[in-house]
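Structure record follows, encoded as structure tokens.
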Amino acid sequence: MEDRVSEPSLVLVFSGKRKSGKDYVTELIQQRLGPDVCCILRLSGPLKEQYAQEHGLDLDQLMGPGPYKEQYRADMIHWGESRRRQDPGFFCRLASRGACQPVWVGERGSCCCDVILQTAELCSVIGQLVSDARRLSDLQWFQAEFPQQTQSVRVQSSEKTRSQRGWSFTAGVDDAESECGLDNGVEFDWIVINEADAPSLDEQLRPILQLTEEAASTSSVNQS
Ligand SMILES: Nc1ncnc2c1ncn2[C@@H]1O[C@H](COP(=O)(O)OP(=O)(O)OP(=O)(O)O)[C@@H](O)[C@H]1O
């Protein structure tokens with residue numbers, strides 16, 4: 001598990017409610033930076049892989065958008081919580097192993113069924129984006145592992161907007177720690193309002209992109 005290629009120069013850990021737009025925003029950042037500089041780490045990927053393996057399930061269907069994963073979603077959330085209680089860094093380590101870009105983007109913040117960093121969630125190594133951080137322990141793991149590099153980003157959208165994107169309240173999912181663990185007591189470094197009547201994402205993301213460009217250039221100076 002300790003086969004990370006190099007240290008990232010910046011780790012952006014994204015969180016947000018279901019359908020707030022974590023994937024959308026992290027993919028936009030990756031498009032701007034390019035895949036050589038920025039990887040998206042999705043915590044939900046290794047979580048689903050491990051869950052499918054231990055329960056003899058079809059991983060492709062579990063990763064897909066269809067109804068199959070809905071049958072297992074609530075149990076998968078409980079199983080993920082219990083794994084994190086035993087070892088808070090379990091999924092974060094799995095998601096970040098092999099990452100080699102300087103910027104990582106990850107996502108942590110709604111249910112275990114999406115991402116980043118896309119990851120998330122939570123991505124690769126000049127910069128890594130963790131796209132799907134959902135629990136405080138995920139964010140804390142990155143902050144402890146990469147104290148100088150980690151910045152937290154919250155993506156916010158109203159319930160009305162999330163509903164228009166396909167969200168509807170699901171008991172056992174939207175009231176679970178995986179959705180609510182970062183609602184209170186966390187001071188995010190950045191907040192992105194992903195709404196039609198908010199300033200454009202380009203405008204809101206400008207300072208974050210500037211940070212990633214600085215991190216990437218520092219990384220290339222250090223590597224030369
Ligand atoms: N600013 C935006 N403009 C247009 N479409 C958007 C925007 N933000 C999000 N969407 C769309 O809304 C839907 C949900 O967005 P996305 O998948 O990024 O949310 P998410 O927070 O990652 O969701 P989940 O937590 O369920 O994985 C997608 O179809 C996405 O393309």
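Just one of V13, V25 is within 13 Å of the ligand (Cβ to nearest atom) and open to solvent by less than 20 Å² (accessible area, probe 1.4 Å); which is it?
Being within 13 Å of the ligand (Cβ to nearest atom) and open to solvent by less than 20 Å² (accessible area, probe 1.4 Å) holds for just one of V13, V25, which is V25.
Would you be able to say whether some residue in segment 118-139 is modelled with pLDDT under 85, open to solvent by 10 Å² or more (accessible area, probe 1.4 Å) and within 16 Å of the ligand (Cβ to nearest atom)? Yes, the conditions are met somewhere in segment 118-139. Applying the criterion of being within 11 Å of the ligand (Cβ to nearest atom) and surrounded by 11 or more Cβ atoms within 10 Å (Cβ to Cβ) to the residues of segment 186-200, the residue that is farthest from V25 (Cα to Cα) is A198. On the stretch given as segment 47-72, residues that are open to solvent by less than 20 Å² (accessible area, probe 1.4 Å) and in a helix (DSSP H, G or I) total 5.
Just one of the numbered conditions (1) open to solvent by less than 50 Å² (accessible area, probe 1.4 Å); (2) of a type outside the set (V, I, T); (3) in contact with a strand residue (DSSP E or B) (Cβ under 9 Å, 6 or more places away or on another chain); (4) within 30 Å of E7 (Cβ to Cβ) is not true of E214: (1).
One line per residue, one yes/no per condition, for (1) within 12 Å of the ligand (Cβ to nearest atom); (2) among the charged types (D, E, K, R); (3) assigned to a helix (DSSP H, G or I):
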site: Q143; (1), (2), (3): no, no, yes
site: P147; (1), (2), (3): no, no, no
site: S163; (1), (2), (3): yes, no, yes
site: D174; (1), (2), (3): yes, yes, no
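The conditions of being within 16 Å of the ligand (Cβ to nearest atom), modelled with pLDDT of 60 or more and buried (at least 24 other Cβ atoms within 10 Å of the Cβ) are met by A95.
The values are calculated or read from the model by the stated rules, or taken from the named source; none is laboratory data. Given the structure is predicted, the values throughout are model-derived calculations rather than measurements. Every residue, glycine as well, gets a Cβ built from its backbone with ideal geometry; the counts of neighbours run over all protein chains shown. Protein only, heavy atoms only, side chains kept; ligands, DNA and RNA dropped before computing areas. Shrake-Rupley method; radii C 1.70, N 1.55, O 1.52, S 1.80 Å.
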